[in-house]
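Some notes on the structure that comes next.
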Amino acid sequence: MNPYVLMVLLSSLGLGTTLTFASSHWLLAWMGLEINTLAIVPLMAQQHHPRAVEATTKYFLTQATAAAMILFASTTNAWITGQWDMNNMLSPIASTMVITALALKIGLAPMHFWMPEVLQGLDLLTGLIMSTWQKLAPLALIIQTAQAIDPLLLTALGLTSTLAGGWGGLNQTQLRKVLAYSSIAHMGWMIIVLQYAPQLTLLALGTYIFMTSAAFLTLKMSSATKINTLAMTWSNSPILTTTTALVLLSLGGLPPLTGFMPKWLILQELAKQNLPITATIMALAALLSLYFYLRLCYAMTLTISPNTTNATTPWRIKSTQGSLPLTISTTVALGLLPMTPAILMLAT
């Protein structure tokens, strides 16, 4: 892609998200979401491959549907209350429609079916943008309107997403689909605690972005898109394979890695709110996700690909890809747990 066109598209992505962040008016927020969608569509379709075009079409249709629902809900709310202000969602019908549309935008279950299919058709860098940056604007709107939304609905969305994300990823062999279901499950963790401690939602979002970035950049570095190609990474790059296994375990939420911190604090908050059954279901759903991360770790570190050559290691071709973003995201994804007290002080 032409670098000038790429610069325009990436700056439009930034502009759309910033516009949604800064707005308290529904029309401005809607405009920001639309700019965001229109900026990522050319990035998705740049491969000129039928699967990429199909994924782009699916993404555009779902996002356009969600945007139309947001516009309809905000118009309904303005008609009833006489105001376009986000903090004035007095109509329960409008607030339910808004959360449904935003859940469709970020891929919360049961509106998640488009996400694995779309992510499967994209290259890894565009998939990374879709899994991280594209979540920011809708989540900002969910956080702003959370107080007007029925708590039972938020809890149901959170539980359904963690369970669907865990179950869906169990039988996948495509790594991008595994990461899509991982994203759905993480979104569920963020939504479940939103009504009780929004700062924990932001903390979970931050750790999720770093862990997912590390996972996508690692797969890009090793050019792996299926589980069976992971078996070949050990002989090419032992250190990268070791850190990748740790990043996957961090995504699963195992101590002493960064991914344990948001899960631990969210479960603690749910227990404080006298919701032991919800906390138990969330913890059991995390085990489902952990199983498929362990499956990837097993394929990477404990299996060796069938080899027809007599040499013990294949030629190690030096990668020309920049490794600084991967290094930073991996370090954050593995080592933040000891800083939990400091992060909690900053968050509260």
Give the angle, between 0 and 90 degrees and rounded to the nearest 10, that separates the Cα long axis of helix 324-335 from the longest principal axis of the Cα atoms of the chain. 80 degrees
Taking every alpha carbon pair in region 148-248, what does the distance histogram look like in 10 angstrom bins from 0, in percent? 15, 39, 29, 14, 4, 0
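Summing -39500 (n - 2.57) over the DSSP H runs of n ≥ 4 in the chain and dividing by its residue number, what mean residue ellipticity at 222 nm do you reach, to the nearest 500 deg cm²/dmol?
On the way: 17 runs with 257 residues, N = 348.
When only DSSP H runs of four or more count, the value is -24000 deg cm²/dmol.
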From the phi of every residue in region 196-209, what ³J(HN,Hα) in whole Hz does the Karplus formula 6.51 cos²θ - 1.76 cosθ + 1.60 yield, where θ is phi - 60° and glycine or proline is x? 9, 8, x, 5, 6, 4, 5, 5, 5, 5, x, 5, 4, 4
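Ignoring ligands, DNA and RNA, please state the percent of accessible area on the chain from carbon and sulfur, probe 1.4 Å. Numbers along the way, then the final one.
Working: 11200 of 16000 Å².
The nonpolar share, carbon plus sulfur, comes to 70 percent.
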Charge tally for neighbours of Gly127 with beta carbon under 13 Å away, counting Lys, Arg as +1 and Asp, Glu as -1, is +3
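Please state the equivalent ellipsoid semi-axes for the chain: what are the square roots of 5 times the Cα gyration tensor eigenvalues, largest first, in whole Å?
Working: eigenvalues 238, 121, 59 Å².
Semi-axes, largest first: 35, 25, 17 Å.
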Report the dimensions of region 78-167 along its three principal axes from the alpha-carbon atoms, largest first, rounded to Å. 45, 25, 17
What longest region of the chain stays clear of trypsin sites (Lys or Arg not before Pro) that DSSP places outside H, G, I, E and B and that have at most 11 other Cβ atoms within 10 Å? 1-315
Nearest 10 degrees is fine. How inclined is helix 92-106 to the longest principal axis of the chain, computing both from alpha carbons? 20 degrees
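Stokes-Einstein D for region 1-149 at 10 °C, 1.306 mPa s, Kirkwood Rh over Cα pairs, in µm²/s?
Details: Rh = 15.6 Å.
Reported coefficient: 102 µm²/s.
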Using the heavy atoms of the protein chains and a 1.4 angstrom probe, tell me the accessible area per residue for region 1-149 in square angstrom. 43 Å²
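The values are calculated or read from the model by the stated rules, or taken from the named source; none is laboratory data. Small disclaimer: the values here were computed from a predicted structure and weren't measured. Here the Cβ is made from the backbone with ideal geometry for all residues, glycine too, and neighbour counts use every protein chain on show. These accessible areas exclude ligands, DNA and RNA; they are computed on the full protein's heavy atoms, side chains included. Shrake-Rupley method; radii C 1.70, N 1.55, O 1.52, S 1.80 Å.
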